[in-house]
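To start, the structure under review is shown below, and the notes come after it.
Throughout, read-outs are computed from the coordinates displayed, never taken from laboratory work. Small disclaimer: the values here were computed from a predicted structure and weren't measured. Note that we place each Cβ from the backbone using ideal geometry, even for glycine, and neighbour counts take in every protein chain shown.
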Amino acid sequence: MKIKTYHKLIACFMLFLIYIFMYPLKVEAADSTSKKDEVFYLKSTQDIRGCIIDWSSLNSPTVRKVVIPKEVEYVLPDSCYEIDYSFVQGFQPITPNYPNLVEVEVDPENPYLTTVDGILYSKDLKVLYYCPPGKVGAVVLPDEVEKIDLMAFQGCTEITSITFPSSLKQIYVGAFGNNSKLNKLIVSSDNTNFMIKSNVLFSKDGEILYLYPQGVKDTYYYVPYGVRRIHPGAFMGNQTLNSVYIPETVDTIGIEAFKGCSNLIKVKLCEGLQTIEAGAFLNCSKLKELTFPKGLLYVYQDAIKGCNNLLSIVLPESIQQVPENLNEVKNRVIYCYSLYNLSWSDSEINAKNNTFVYLYQEATRLVNYLKKQGVTVKYLVPSTTTISPTNKAPSKAIKGTGKPDTSWYNENKTTFTINNPDQLAGLEKLVLQGKSMLNKTIILGNDLDLSCYPNWEPIGVFSSNKYRIFRGTFDGKNHTIYNLRINRIYSNGLGLFGAASGEIKNLIIKDADIIGDASVGILCGNTMNKSKISNCFTSGKVRGNENVGGLIGRNNGNVVQCSTDTEVKGIINAGGIAGYNYSTISNCISTGEIFSYNATGGISGNNRGEIVECTNKAMVDGYGMVGGIVGTMPYEGTIKASIHKGFVKGNHDFDGIIGYYSEYFGKIEDCETYGEVVGRYSEIKDSNIIK
């Protein structure tokens, strides 16, 4: 990503003015015509402030030493600034990048520069300007060093370790990169600005990841929770990493952070990320898919250039700037994040001549941009999508009038029986008014037909501007609710209950059809801490964007002895029981069909809690991170004594128990899989037992 030509001209013109009006300059390369010469001398005939050299004309693998005279204050190659023009403004000293250069020597009388062990520093040793790329072995920085300058260690392929002093305060962008043998970092324990954690360099507060040593041969890395920024060039040139997980605390991925990571196959990005800077994934040639998370705002120039094996890109509606070279990602499928009815065929995935974007609504700005790039935009479902019509319920199911009834409620009583849909709708109104039903029990007295409520209002709300949660006990007495319908494509926390922290038990919901955005489940959208769901059954359809479950969208409670027979569709985190599980799911059974783009599981799409003695009999289908029990478990989580008897189909990261998980944090014990596991582009996997 070289700077624009006119920017270079401006820089050259500024330097030319210095040359004309202030410091007449003449530089000679003395006696450097022989290929056998290994020393390059900078010479001048007059006192000068700086030396400007076109190093490309003098590039020679035989040069092993550069000698700088006393007059030179800085050395500025005319084309070294390939990251951003703003870096030129300070005129940082840079020396030539000869591949075998091992030493820089400075005239002792030079008042501006000096060297220690062949490395170029400012005279007072406070700034490290340049380490020759041929430097071999361990590098120990002087105690005085406060700053490591731009590109200081770029291309130093033979360095094995670096020791940073307590005085170090600043590491400039692009200071490291392509350090293939660097496997050890040391920071003085009394340094107040930096620290080492698991051999990775961080800011002292842990919020900035500065450098992941290239010489470390691990194939996967989990960025620690709490990191907010990945420094420019932090992983640049790494040749061993296959997988990187970036948590929701990270808001910025810096310039060229993963440039040239040629074996990187997957990068998990979480909601919370806002900016992906220029060249972040430049030339990551094996990267297969990128899901830009919800809330991402900016993806800058060349962020995905050279990622020629991308099978898909997922764009969120929040995005305000997309990569200029998006149209260069040929023969790929691009999905819009806010798509709820995702489906595709093998022929669409293998599209040979076009790039497609699938949307469920018209995002005018994004659509217009993509069309200008020559991208084909398709709508899987029209924006006027409706849920299915209600079916005829059994005659014993009580119908309502469509008018909520709260007359049954008495503040002084603790037990109530609801006998019709209007009274159930009245419960929603009471909870919304702030009557949480804490220490009260609601009993369902009959089977109910909710067809008179074509767009049900969930009982309980949990959002940024409303916090009305059902905290009581709801005992269905094994009665059945029919024809639950919710059509709120932009709403969160949807289900018969929207948010509950009490107990819901002995309830059956049949023939439901729900469409929403996030945290969508047939029984409950959000179960909160201390809630308990037991002996419940659901059937029907549920579709959403994120955290979509056949029973619960987002679970923070204890789910016991429940079962589902549902069709679940989502974009990310979809499961037969829960879309995202943070607590406990035990003795549950899932049947039906579960489908999502990312993180699809027979029991839970994403798991950070405990899943025990559960069975999946459903067909689980997705693109990446697809598992018979759990789709993904990137942090802490446990799966015990669970069985997959269904069918799993995925493109990558798919298996009978779990698609993708962290071996550092997750535990899988005594699980069995008997069902088929099939990849779209691979043979059927063997069944396996994990113990």
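Near K435, once Lys and Arg are set to +1 and Asp and Glu to -1 for all other residues with Cβ below 13 Å from its Cβ, the sum equals +3.
In terms of the mean number of neighbouring beta-carbon atoms within 10 Å, the peptides 146-154, 120-128, 535-543 order highest first as 535-543, 146-154, 120-128. Indicate, rounded to the nearest 5 percent, the antiparallel portion of the DSSP beta bridges found entirely in the range 457-690. Of all bridge pairs located within the range 457-690, approximately 5 percent are antiparallel. Just to be sure I understand: of the beta bridges DSSP finds with both ends in the range 171-278, what percent are antiparallel, rounded to 5? Beta bridges within the range 171-278, antiparallel portion: roughly 30 percent. Judged by the mean number of other Cβ atoms found within 10 Å, the most tightly packed of the peptides 437-445, 273-281 leads the ranking 273-281, 437-445.
Peptides 298-308, 515-525 ranked from most to least packed by the mean count of surrounding Cβ atoms within 10 Å: 515-525, 298-308. Among the trypsin sites (Lys or Arg not before Pro) within the range 443-474, those in coil by DSSP and having at most 16 neighbouring Cβ atoms inside 10 Å are K466. Applying a DSSP loop filter and a limit of 10 other Cβ atoms within 10 Å to the GluC sites (Glu not before Pro) in the range 571-671 leaves E663. For E610, neighbours were defined as the other residues whose beta-carbon sits under 10 Å from its Cβ, and their charges (Lys and Arg +1, Asp and Glu -1) total +2. Residues whose amide H comes within less than 5 Å of that of V461, counting only those at least five positions distant or on another chain, are R468, I469, F470, A499 (H built at 1.01 Å from N in the peptide plane).
A simple count of charges around L273, restricted to other residues whose Cβ falls under 9 Å of its Cβ and scoring Lys, Arg +1 and Asp, Glu -1, yields -3.
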